[in-house]
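A.B. asks: Please see the structure below; I have some questions.
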Amino acid sequence: RGEVAKGSAEIFFRKVKFWKEDGQEEAPPVFVGIILLKNNVDGVNYFHVKVVGLLFVATTRVNVSPSLVLELLQRIARVIKDYLGVLSEDSLRKNFVLVYELLDEVIDFGYVQTTSTEVLKSYVFNEPIVVDAARLQPLGPAAIFMQGTKRMPGTAVTKSVVANEPGGRKREEIFVDIIEKISVTFSSSGYILTSEIDGTIQMKSYLSGNPEIRLALNEDLSIGRGGGTIYDYRSSSGSGAVILDDCNFHESVRLDSFDMDRTLSLVPPDGEFPVMNYRMTQEFKPPFRINCLIEEAGQLKAEVIIKVRAEFPSNITANTIAVQMPLPKYTTRASFELEPGAVGQRTDFKEANKKLEWGLKKIVGGSEHTLRAKLTFSQESHANLTKEAGPVSMTFTIPMYNVSRLQVKYLQIAKKSSSYNPYRWVRYVTQANSYVARI
């Protein structure tokens, strides 16, 4: 609306790059920046989200709901990805005019109009310049499906919903992703204190003619606590009873037969969209067990032992695993010892915020990995070491695995003809939201 001074972008970038307030490493998603104008000092509210290494920023000088602005930024990132096919610095540079046109239609004089890819198609006329996806470093959740020969082709998830294939042909295919973010807190003795799953069924359709789709879920799926006891779960591999606490559906989903046979009917709009979001607190088997021990090893010395065990089947592999543990504030040095023959592992001691970091490229199901760290202190501990260190937190991604046992039983497309047989990709992924073990 022209109410923010021109230098605000530079102020934002400098503040984010060199953020060191309150001992935090990264700038919070919402903060106030001070701009010096000719006559007075002015405050601008900055909102930002990071998507695949890119910063999407909004500014305002009025009091506005932060969650509204952060949700808008996420949706803008998704719309741009739908149109460009792949979200990267390179694709944004090449498609600057198209992105400008999109933003013009999404926001009008500071007011949000629409963030629907389907609706925007009739207002946006620039053609996307397609960037060669093979040269890009895969960063998003979809990238994990591009690894290995048995995975789906990498180019499929990096197509624009509006650009045609070379030669005018269009490959008929549909993607359904069941993405689950899990939160678990373990006690110091290894018991589960809290456990929760935030899940979403994402869909991206490249089907011409917008045919109707039927998506069938587990028949014994129940919503709300009336469906069974908390502990009524069988093995984590089968598709036993699944009890969701609550869920919501995209506006295009029809629930006519959902109560009878757990089937969702919809005509998918263009672009990526969430078919269903769900939350589950029914007890589940956590994919990793974390054991941590810290004890004194002489004057001004201590030893930390962290063990991570994968509790999922051996045909499943987790990747991009990172383990972090805050150490006592008076720690001056840490030396690490990995298990014999360890490959694809890295260790680090962050001097600035006294944190131990352990990264593993992959963990195969059923395996166990151990890290030993010898710590040197600048002063003697005046309290229990376990109170001054920890907790251990962990992030990871596990492709083709989900802990809730929610499954897509079949994906049916209303046939135009007997020869019409589009590609169907159904993929599962589990990620850590907050995975913490106390010590």
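The values are calculated or read from the model by the stated rules, or taken from the named source; none is laboratory data. This is a predicted model, so every value here is computed, not measured. No Cβ is skipped: glycine too gets one built from the backbone with ideal geometry, and neighbour counts run over all protein chains shown. Just the protein is used for accessible areas: all its heavy atoms, side chains included, with ligands, DNA and RNA removed. Shrake-Rupley method; radii C 1.70, N 1.55, O 1.52, S 1.80 Å.
Quick grid of which residues meet (1) on the phi > 0 side of the Ramachandran plot; (2) modelled with pLDDT under 80:
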{"position": "PHE12", "(1), (2)": "no, no"}
{"position": "LYS15", "(1), (2)": "no, no"}
{"position": "ASP22", "(1), (2)": "yes, yes"}
{"position": "PHE31", "(1), (2)": "no, no"}
{"position": "LYS38", "(1), (2)": "no, yes"}
{"position": "HIS48", "(1), (2)": "no, no"}
{"position": "GLY53", "(1), (2)": "yes, no"}
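A.B. asks: Out of all the residues in segment 184-206, which are out of contact with any Gly (no Cβ under 8 Å at 6 or more places or on another chain) and under 28 Å from ALA216 (Cβ atoms)?
C.D. replies: Answer for segment 184-206, where residues must be out of contact with any Gly (no Cβ under 8 Å at 6 or more places or on another chain) and under 28 Å from ALA216 (Cβ atoms): SER195, GLU196, ILE197, ASP198, GLY199, THR200, ILE201, GLN202, MET203, SER205, TYR206.
A.B. asks: Which pairs have Cβ atoms under 7 Å, sit 6 or more apart or on different chains, and link a residue in segment 93-114 that is under 21 Å from PRO269 (Cα atoms) to one that is open to solvent by 90 Å² or more (accessible area, probe 1.4 Å) and not in a helix (DSSP H, G or I)?
C.D. replies: Short answer, once both residue conditions are applied: GLU105/GLN113; GLU105/TYR123; VAL106/GLN113; ILE107/GLN113.
A.B. asks: What number goes with the only condition from (1) more than 23 Å from the chain's Cα centre (by Cα); (2) closer than 23 Å to VAL176 by Cβ; (3) not charged (D, E, K, R) that ASN433 does not pass?
C.D. replies: Going through the list (1) more than 23 Å from the chain's Cα centre (by Cα); (2) closer than 23 Å to VAL176 by Cβ; (3) not charged (D, E, K, R), ASN433 breaks only (1).
A.B. asks: Oh, and also: Restricting attention to segment 61-80, report how many residues are in contact with a helix residue (DSSP H, G or I) (Cβ under 7 Å, 6 or more places away or on another chain) and in contact (Cβ under 8 Å) with a residue 60 or more places away in the chain.
C.D. replies: Selection size over segment 61-80: 1.
A.B. asks: In segment 240-261, what residues are surrounded by fewer than 16 Cβ atoms within 10 Å (Cβ to Cβ) and among the hydroxyl-bearing types (Ser, Thr, Tyr)?
C.D. replies: SER257
A.B. asks: If I filter segment 420-427 for residues that are closer than 30 Å to ILE243 by Cα, part of a strand (DSSP E or B), open to solvent by 10 Å² or more (accessible area, probe 1.4 Å) and aliphatic (A, V, I, L, M), do I get at least one hit?
C.D. replies: Checked against the condition, which is being closer than 30 Å to ILE243 by Cα, part of a strand (DSSP E or B), open to solvent by 10 Å² or more (accessible area, probe 1.4 Å) and aliphatic (A, V, I, L, M), segment 420-427 yields at least one hit.
A.B. asks: Has segment 62-71 got at least one residue that is over 21 Å from TYR111 (Cα atoms) and either at pLDDT 80 or above or assigned to a strand (DSSP E or B) (or both)?
C.D. replies: Within segment 62-71, none of the residues are over 21 Å from TYR111 (Cα atoms) and either at pLDDT 80 or above or assigned to a strand (DSSP E or B) (or both).
A.B. asks: Next question, about the same structure. Determine, yes or no, whether LEU327 is of a type outside the set (Phe, Trp, Tyr), at pLDDT 90 or above and closer than 20 Å to THR185 by Cα.
C.D. replies: Yes: the conditions hold for LEU327.
A.B. asks: Just one of the numbered conditions (1) in contact with a Lys or Arg (Cβ under 8 Å, 6 or more places away or on another chain); (2) surrounded by fewer than 14 Cβ atoms within 10 Å (Cβ to Cβ) is not true of LEU264; which one?
C.D. replies: For LEU264, the failing item is (2).
A.B. asks: Here is a follow-up. Mind listing whichever residues of segment 54-96 are under 15 Å from VAL131 (Cβ atoms) and surrounded by fewer than 17 Cβ atoms within 10 Å (Cβ to Cβ)?
C.D. replies: LEU54, GLU89, ASP90, LEU92, ARG93, LYS94, PHE96
A.B. asks: Listed residues LYS415, LYS387, LYS361; which is open to solvent by 70 Å² or more (accessible area, probe 1.4 Å) and in a strand (DSSP E or B)?
C.D. replies: From the options LYS415, LYS387, LYS361, the qualifying one is LYS361.
A.B. asks: Just checking, does segment 107-118 include any residue being buried (at least 18 other Cβ atoms within 10 Å of the Cβ), among the aliphatic types (A, V, I, L, M) and within 21 Å of PRO274 (Cβ to Cβ)?
C.D. replies: no
A.B. asks: List the residue pairs whose Cβ atoms are under 8 Å apart, where the first residue sits in segment 288-316 and is under 17 Å from ALA389 (Cα atoms) and open to solvent by 60 Å² or more (accessible area, probe 1.4 Å), the second is at pLDDT below 95 and assigned to a loop (DSSP other than H, G, I, E, B), and the two are 6 or more positions apart or on different chains.
C.D. replies: ASN291/GLY190; LEU293/ILE439; GLU296/SER381; LEU300/SER378; LEU300/GLN379; LEU300/GLU380
A.B. asks: Applying the selection to segment 312-329, what residues are part of a loop (DSSP other than H, G, I, E, B) and touching a helix residue (DSSP H, G or I) at 6+ places or on another chain (Cβ under 9 Å)?
C.D. replies: LEU327, PRO328, LYS329 - these are the residues of segment 312-329 that are part of a loop (DSSP other than H, G, I, E, B) and touching a helix residue (DSSP H, G or I) at 6+ places or on another chain (Cβ under 9 Å).
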